[in-house]
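Enquirer: Before we start, here is the structure in question, set down as structure tokens.
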Number of protein chains: 2
Amino acid sequence: MQDRSKVVVVGAGFGGLAVARELGDDPGVEVTLIDGNNYHTFWPLLYQVATAGLDASDVCFPVRRIFRRQPGVRVVLGWVTGLDLDRREVTVDNDRTFAYDHLVLAAGTVNSSFGVPGVEEHTFPLKSADDALDLRTHLLAGFERAAAGRSPQGDLAVVIVGGGPTGVELAGSIRELVDKVLCREFPEIDLTHLPITLVELADRVLAPFHPKLSAAAAHALRLRGVTVELGVGVERVEPGTVVLGDGRRLAASTIVWAAGVTASPLARRAGVELGRGGRIVTSADLSLPGRPEVFAVGDIALPPGPPLPQVAQPAIQGGRHVAAQIRARLAGAPTRPFRYRDRGSMATIGRNSAVAEFPNGWRFHGVIGWVMWLVLHLVELIGFRNRASVLVNWVWNYLTYDRGARIILRHQVPPATTQLAWPGSRPASAPDGP
Amino acid sequence: MQDRSKVVVVGAGFGGLAVARELGDDPGVEVTLIDGNNYHTFWPLLYQVATAGLDASDVCFPVRRIFRRQPGVRVVLGWVTGLDLDRREVTVDNDRTFAYDHLVLAAGTVNSSFGVPGVEEHTFPLKSADDALDLRTHLLAGFERAAAGRSPQGDLAVVIVGGGPTGVELAGSIRELVDKVLCREFPEIDLTHLPITLVELADRVLAPFHPKLSAAAAHALRLRGVTVELGVGVERVEPGTVVLGDGRRLAASTIVWAAGVTASPLARRAGVELGRGGRIVTSADLSLPGRPEVFAVGDIALPPGPPLPQVAQPAIQGGRHVAAQIRARLAGAPTRPFRYRDRGSMATIGRNSAVAEFPNGWRFHGVIGWVMWLVLHLVELIGFRNRASVLVNWVWNYLTYDRGARIILRHQVPPATTQLAWPGSRPASAPDGP
């Protein structure tokens, strides 16, 4: 035990998990994996939790279970409150200190308002399972409120800011929830023309994709009844209103901010050189310049060369790479530069519609893209149980246009209460993310 | 539309659902179903949500979905704040009034502390999905806290007050969670002797069952390592301590109050004659004496004759009966007395162990009882999707000793926070039930 090299990994996202999994069976290494949640979030499917297609435990995986068979990995639940790269120590929750021989920073990103006024107060983020449950509750409770005659129908409008995969997938999924499920269950309200608007500053959605696929995605969204506003930014957000850069005002009871992210505050705390988006500048081997024992992987890292897409694959590949470099260093061998292998990108617009592109130039959209998306995401999901449960839900949803997780939790008003706290008002106590 | 008779049903539990389902296809009737949640709770499985075997959407069913194909049923989300039996009006959330020709009160029960001091402040109830999620979070966070060295191991002790089915099933399920799952995933702490105590005032658990089955259940619990304290009441509950009637003090970080229920406060509000447990006294046909247009079903009702068990079957049968009586009254026919047909009772102690008894005298315990329990509950669950999802989870849990829903939600502490709110402290804002 005493001879084992100590590796501390901060963050149980795709990057951190990959490092810990690779090193977990290595008898010469003791891994400590630190995360603020006791679960790993499969965030590519968070939008389905927000739109009631899946439940939280379908996309959240207990970290301790993942490493049950790897006793070389110690799991620590807590937030990193101190980072001393000179003394090689990480402090968790102010009072627990972990010394390391190698450190891997894999804390990812947090939502960024980019300084737009009103974003933090009046919009919903979609970065965590809690965010997704809050958004789901808000959406569903809004329909109930309208059914009770407590809000004019226009109040149900949805504005999503940000035309990346999250914004596109969420817009398509909310449209489907409204048109295929809720319109049949809320005879009290006319939902046929409920406005859903996607706002994107760039002149196309899904900017990292080929322009033809961006156009196909925007076309598919518009066909479904989503208004796609391109080339316009958001000036500010007021309660119930998004003010666009061109002065237009979009009324909406639900405003989702999916316009971008910035590196986790952990990057700043490290006291090292930061680049674009607050990311940690790394050498080609993903170690920090001048600190060969510290690595950064995933969305918190900014390696040299062309920017990497902020999706799961670069984080997973980066994590595996860092694990190999730590092994190399322990064996006294030189490290190697990280090379990202693009395995393609996908985004889904809704039932029977997705876009997919591959590095060899193959591009798909429509049904074929959708089937590919479905299979790939099922394969990528960790753990049989969740895979089977997700599959059951998906097949059921597809056949019946149903969304089973459509339950409004934690908004009970006891019968004796006279002052009514209506569901849908965002709870003041809900953690709003950093 | 104008000629349709108005039936208002308060409560979407087993009883209320049965009434609405029966009358929903009747062209002569317009049903308004009122509930404070937008979902029906299959409460016999709530303890599995509390112990991370199932997720909330596995046991909660959106009410609007249940009645999607019955447009004669209007679903109203809200709490009944007023009840005027003379004017035949129900008021919801203080401002929405529904007139009725027939009224069905099916609001069930709420937890009762029976006046024991400290119960409301220091114990967890298990009556709703929110309760189950709160308890799950508290339990899991307690283990994380112990793993972080923040609490002596004794702090993990669990005391469950109440030896009815809920208490017995919860005790067995927590024991299994600890012994089969958590002990493998928390190498930091020694969980082999974690005390779990079940306290019951009567001299046996599962009092409505045959004494032989009560003895078998207590024996099975003890074999598994649950301390069963019979014939002793709870004097009061202090923070972290249960004080028994004989003066003994049981230290526990988790105290669950499953000792009993009382009729919903709605019963009092009705201004009618109440009987034992605050229940509404009804005539033999389940209508209220002197008010033939008002019925009470399920646990809120106290019909003449021997007391009915407070489980799903009497509520379901009562609901169907009331629907038939309303139809009879609309046809000018006389009503009939309600006769409960006992179809048997079951309770599970854990993996491979349950007790079951049938009115013909058949009694089972052990593996056979357990298989019967499993099949029956699967059959009873409403809706294919949830049934399939529950089945997947059960098979997976059985084969792997796993609990997939083991995620601590809504307890994030943002990294920038210095004052640490540790998960597991019960959120002050959580609704604690009436």
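Enquirer: Within a 10 angstrom radius of the beta carbon, how do B:LYS212, B:LYS6 rank from fewest other beta carbons to most?
Expert: B:LYS212, B:LYS6
Enquirer: Sticking with this one: For peptide B:60-69, how many partner chain Cβ atoms fall within 10 Å of a residue's Cβ, on average?
Expert: 5
Enquirer: While we're looking at this one, here's another question. From the Cα gyration tensor of the stretch B:39-119, with a ≥ b ≥ c the square roots of its eigenvalues, which class applies: rounded if a/c is under 1.5, or else prolate if a/b is larger than b/c, or else oblate?
Expert: Oblate, because a/c is 1.5 or more while a/b does not exceed b/c.
Enquirer: Can I ask one more? What dipole magnitude, in Debye to the nearest 20, does chain B give about its Cα centre under +1 on Lys/Arg Cβ and -1 on Asp/Glu Cβ?
Expert: About 900 debye.
Enquirer: Return A:GLU121, B:GLU30 ranked ascending by Cβ neighbour count within 10 Å, so the fewest neighbours appear first.
Expert: On the way: A:GLU121 12, B:GLU30 22.
Least crowded to most crowded, the residues run A:GLU121, B:GLU30.
Enquirer: Over 44 Å apart: what share of the alpha carbon pairs of chain A falls there, rounded to a whole percent? Don't skip to the end; give the middle numbers.
Expert: Numbers: 12192 of 93961 pairs.
Here the long-distance tail beyond 44 Å is 13 percent of all Cα pairs in chain A.
Enquirer: Continuing with the same structure: For B:GLY260, place a label point 7 Å out from Cα along the Cα→Cβ vector, do the same in each other copy, and report the separations in nm, one decimal, smallest first.
Expert: Ordered by increasing distance: 6.3 nm.
Enquirer: Still on this structure, please answer the following. Among bridges DSSP assigns within the protein assembly as shown, what percent are antiparallel (round to 5)?
Expert: Details: 66 of 136 bridges.
Around 50 percent antiparallel, to the nearest 5.
Enquirer: Placing the label point 7 Å from Cα along the Cα-to-Cβ direction, what are the distances from B:ASP95 to the equivalent spots in the other copies, shortest first, in nm to one decimal?
Expert: The answer, with the shortest distance listed first, is 4.8 nm.
Enquirer: How far apart, in nanometres, would the label points at A:ARG68 and B:LYS6 be if each is projected 7 angstrom from Cα along the Cα-to-Cβ direction?
Expert: Distance between the two pseudo-spin positions: 5.5 nm.
Enquirer: Taking each label point as 7 Å beyond Cα in the direction of the beta carbon, state the distances from B:ARG276 to the same residue in the other copies, shortest first, in nm.
Expert: Those separations, rounded to one decimal, come out as 7.5 nm.
Enquirer: Please give the calculated 222 nm ellipticity per residue for chain A, where each DSSP H segment of at least 4 residues contributes -39500 (n - 2.57) and the sum is spread over every residue; nearest 500 deg cm²/dmol?
Expert: -9000 deg cm²/dmol
Enquirer: To the nearest 0.05, how large is the calculated FRET efficiency for A:ASP342 and B:LEU378 if R₀ is 51 Å and r is the Cβ-Cβ distance?
Expert: Working from the Cβ atoms, E equals 0.65.
Enquirer: Where the centre of each part is set by its Cα atoms, how far does the stretch A:300-351 sit from the stretch B:187-205, in angstrom?
Expert: A separation of 47 Å, based on Cα centres.
Enquirer: Once the dipole of chain B is set up with Lys and Arg at +1 and Asp and Glu at -1 on Cβ about the Cα centre, which of B:GLY142, B:ALA331, B:ALA207 lies farthest towards its positive end?
Expert: With unit charges placed on the Cβ atoms, the residue in question is B:ALA331.
Enquirer: Hey, rough spin-label estimate for B:ASP86 and A:ASN352, points 7 angstrom out along Cα→Cβ, what's it come to in nanometres?
Expert: A separation of 6.1 nm, rounded to one decimal place.
Enquirer: Sticking with this structure for a sec: Calculate the length of the line joining the C-alpha centroid of the stretch B:220-298 to that of the stretch A:225-254, in whole Å.
Expert: Between the Cα centres of the stretch B:220-298 and the stretch A:225-254 lies a distance of 52 Å.
Enquirer: Kirkwood Rh over Cα pairs of the protein assembly as shown into Stokes-Einstein at 10 °C, 1.306 mPa s: D in µm²/s?
Expert: Approximately 55 µm²/s, per Stokes-Einstein.
Since every read-out is calculated from the coordinates, none of them should be taken as a lab result. A quick note: this is a predicted structure, and the numbers were derived from the prediction, not measured. Neighbour counts are summed over all protein chains in view; Cβ atoms, including those assigned to glycine, are modelled from backbone coordinates with ideal geometry.
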